[in-house]
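Structure, as structure tokens:
The values are calculated or read from the model by the stated rules, or taken from the named source; none is laboratory data. Here the structure is a predicted model, which means the values were calculated and not measured. Note that we place each Cβ from the backbone using ideal geometry, even for glycine, and neighbour counts take in every protein chain shown. We work out accessible area using only protein heavy atoms, side chains counted, and drop any ligands, DNA or RNA first. Shrake-Rupley method; radii C 1.70, N 1.55, O 1.52, S 1.80 Å.
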Amino acid sequence: FAEKVLGLSRFEAQVLLLCAGMELDTRLAGLCARAQDDPARPHPTFGLALAALEEPAWEALAPDRPLRYWRLIEINQPGAQPLIASALRADERMVHYLKGLNTFDDRLEALVTPMDGRTGQPVAGALPPSQRTAADEIAGELRRAATAGRLPAIQLTGPHAASKRLIAGQVAALLGVQPHSLSAETLPANPAELETFARLWQRETILLPLALYVDASETAPVGPQMAALKRLLARSHGIFFLDVREVIAGLSESIPAFEVAQPTAAEQYELWAGALGSFAGEAPSALAAEALAAQFNLDPATIAQAAATAQLDGAGAGGVADRLWRACRSASRPRLESLAQRLEPVATWDDLVLPPDTAALLRQITGQVRQRLRVYDGWGFRAKMNRGLGISALFAGESGTGKTMAAEVLANDLRLDLYRIDLSAVVSKYIGETEKNLRRLFDAAEDGGAILFFDEADALFGKRSEVKDSHDRYANIEINYLLQRME
């Protein structure tokens with residue numbers, strides 16, 4: 001193992017064993033002092049190794065040789081003491097490994113954490129067919145990359161972090177490695193510290209079959225953290241899953257990207273049907289599964305958790321369908337505190353006074369929301385069109401005519417959260433910031449548990465103006481992006 005994997009020569013392996021022996025046999029300290037004829041040196045040195053061990057080689061002292069490159073030994077070289085006379089000590093992790101205790105290096109635990117069973121290692125068959133297929137394709141690509149000598153790394157793109165973690169965990173299980181996660185924001189910016197981390201991590205991937213899941217979804221495409229991530233990839237050769245929203249520019253072409261999506265609506269219906277089958281005594285109807293799959297866009301782990309939460313709530317907290325709906329709303333509730341205000345809808349249809357035609361249009365909106373799954377999947381319209389599947393409505397009228405109340409009535413009737421968008425927080429004078437805030441809004445709301453209410457929307461929605469200078473061009477870009485995301 002030392003020769004084939006770590007690249008140690010026979011002499012270097014003996015040096016490592018000599019240093020490790022100091023931790024395992026207290027008599028070696030006296031023997032080292034006698035061999036060096038110096039009571040002040042009861043420890044191994046390179047000088048002792050060169051004089052006493054077989055096949056001595058001076059290049060073993062080089063920084064690029066395995067003993068020092070893999071941090072297998074530590075050198076205590078105070079002041080101007082010669083390297084050859086400096087005390088040597090085996091790395092604690094290697095001493096444990098030689099004794100048969102193969103545990104994770106505690107120096108990495110501050111940055112890297114194991115991925116638990118919910119988000120990292122789903123049991124076999126827990127993923128729906130579309131995601132299992134994606135996991136098989138990614139595992140095959142990583143195997144081909146390792147065989148061809150390329151970096152076994154993959155970019156997982158898209159906004160669905162939970163699904164990306166589930167698929168990464170499934171791929172890790174297929175490859176026989178243990179997944180650990182790391183936030184790109186915590187990578188050391190100092191080159192020396194990053195180099196130490198990269199070498200220690202690569203050493204762990206050799207001693208323990210590991211894979212690293214790097215969350216770079218909020219990392220700026222240009223900046224010190226992205227530079228640190230690229231350097232880590234360049235200096236390590238383990239298995240990497242990169243969680244990104246969009247493909248990272250400037251990475252090697254040998255690091256392919258896979259778009260990760262939530263399970264299809266039909267698959268979510270099957271997942272709900274399976275989860276609801278575990279309810280004892282008060283089994284929900286098939287209509288409950290259809291309604292949940294039609295409204296919410298959730299990953300398998302979240303569906304299972306929502307079902308478990310509804311069971312724990314008990315029969316005293318309302319009907320099982322109501323408890324499931326509340327659990328889904330809570331699970332999919334977006335984190336929009338800085339960009340939107342969640343309103344508690346209290347208005348009902350009885351409170352809303354409108355002409356019959358307008359009231360009928362509002363009721364048609366609720367019907368369209370409720371019957372989306374049947375129309376798109378049952379009737380096959382999703383296969384014929386893949387855009388414009390959201391529900392958008394424009395409320396126009398003078399102030400005080402009931403536009404906000406109408407939004408509350410819809411949210412109350414549909415039992416959805418209502419978020420009023422704070423335009424002062426969304427619109428920014430800095431180029432690109434408005435689009436970034438809009439992306440956060442729509443990404444957070446796409447799981448289906450919320451209605452976005454753009455109050456006083458004239459400030460954001462507007463007619464594209466004639467381009468006379470750069471300000472007009474960027475204003476048009478904001479409007480174009482907003483309309484594209486709504487569609």
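Ligands, DNA and RNA excluded, the heavy atoms of ASP350 present near 140 Å² of accessible surface to a 1.4 Å solvent probe. Based on the Stokes-Einstein relation at 37 °C and a viscosity of 0.692 mPa s, and on the Kirkwood radius from alpha carbon pairs, the stretch 333-412 is assigned a translational diffusion coefficient of 221 µm²/s.
The helix-only estimate of mean residue ellipticity at 222 nm for the chain, built from DSSP H runs of length n ≥ 4 each weighted as -39500 (n - 2.57), is -13500 deg cm²/dmol after division by the residue total. Relative to the longest principal axis of the Cα atoms of the chain, helix 300-313 runs at roughly 70 degrees.
At a probe radius of 1.4 angstrom, the accessible area of the chain per residue rounds to 51 square angstrom. With respect to the chain, whose longest principal axis is taken over its alpha-carbon atoms, helix 286-295 is tilted by about 80°. Subtracting the Cα-Cα distance of ARG485 and ASN190 from 0.36 nm times their residue separation leaves 102.3 nm of extension gain. Roughly how compact is the stretch 156-208, stated as its Cα Rg over 2.2 N^0.38 Å to two decimals? After normalising by residue count via 2.2 N^0.38 Å, the value is 1.36. If you take every residue apart from ARG107 with its C-beta less than 13 Å away from the C-beta of ARG107, what net charge results, scoring Lys and Arg +1 and Asp and Glu -1? Surrounding charge for ARG107 is -4.
Computed in the context of the full set of protein chains, the accessible area of the chain at 1.4 Å probe radius has 53% of its extent on carbon or sulfur. The chymotrypsin sites (Phe, Trp or Tyr not before Pro) of the stretch 197-299 that DSSP puts in a loop, and whose beta carbon has at most 16 other beta carbons within 10 Å, are PHE279.
What is the stretch 9-149 by shape, rounded, prolate or oblate, if you read a ≥ b ≥ c off the alpha carbon gyration tensor as root eigenvalues and call it rounded for a/c under 1.5, prolate for a/b larger than b/c, and oblate otherwise? The shape class here is prolate. The long axis of helix 161-175 is offset from the longest Cα principal axis of the chain by roughly 40 degrees.
Summary of packing: across the peptides 103-110, 178-185, 128-135, the per-residue average of other C-beta atoms within 10 Å ranks them, highest first, as 178-185, 128-135, 103-110.
According to the Kirkwood relation over distinct C-alpha pairs, the hydrodynamic radius of the stretch 125-228 is 15.0 Å.
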